[in-house]
1. Who wins for biggest fluctuation among 22, 46, 117 in a Gaussian network model of the chain, springs between alpha carbons below 10 Å?
2. Going by how many other Cβ atoms sit within 10 Å of their own, how do 128, 26 line up, fewest first?
3. Taking the Cβ of each residue in 7, 70 as the centre, tally the other Cβ atoms inside 10 Å and list the residues starting with the fewest.
4. Could you work out the relative contact order of the chain? I mean the mean sequence separation of Cα pairs under 8 Å and 6+ apart, divided by the number of residues, in percent.
5. Kindly put 87, 3 in sequence by how many other C-beta atoms sit within 10 Å of each C-beta, fewest to most.
6. Report the far tail of the P(r) of the chain, meaning the percent of Cα-Cα pairs longer than 27 Å.
7. Which three numbers, in whole Å and largest first, are the semi-axes of the equivalent ellipsoid of segment 27-69 derived from its Cα gyration tensor as √(5λ)?
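Every number here is computed from the coordinates shown, using simple stated rules; none is lab data. Everything numeric here is computed off the predicted structure, so don't read it as measured data. Here the Cβ positions follow ideal geometry from the backbone for every residue, glycine too, while neighbour counts run over all protein chains shown.
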């Protein structure tokens, strides 16, 4: 199995394990259940519109919701909103349900919810529906030169995305 995301990581010399599952439904909940991997360690890759044609990739634990106000403050913008499907797919070059932070068509900033750093291994999309990468959270940040911020709202919950 090779995707643009996998080739991107190989070029950077970053370790990961590829795992596949039968993709019947998009979202971190289904992926985590299919892999038998903890939901709080399964990453949702979200594309967010910061206005003025600025977008960012946000990496969130599967059991938490993104606080868009916190994200807007972090990027010093008035507001942040989820990008629509067509925009997310155009900017990343991946289908929703298979969006990876690695090897995107357009170079987008990446920010990770800080709570993900407490885990040694996390699961993140490999750029194709039904294909995930198990890797160290810190290696994700290293690969994309990402930032870390507290972005989760309130208590743990589930949001499909």
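1. 22
2. Listed from fewest to most nearby Cβ atoms, that is 26, 128.
3. On the way: 7 13, 70 16.
Neighbour counts put them in this order, fewest first: 7, 70.
4. On the way: 346 pairs, mean separation 50.2, N = 161.
This gives 31 percent for the chain.
5. Numbers: 87 14, 3 20.
Exposure proxy ranking, most exposed first: 87, 3.
6. Working: 1730 of 12880 pairs.
The share of Cα pairs beyond 27 Å in the chain comes to 13 percent.
7. Numbers: eigenvalues 124, 18, 8 Å².
Ellipsoid semi-axes (Å, largest first): 25, 10, 6.
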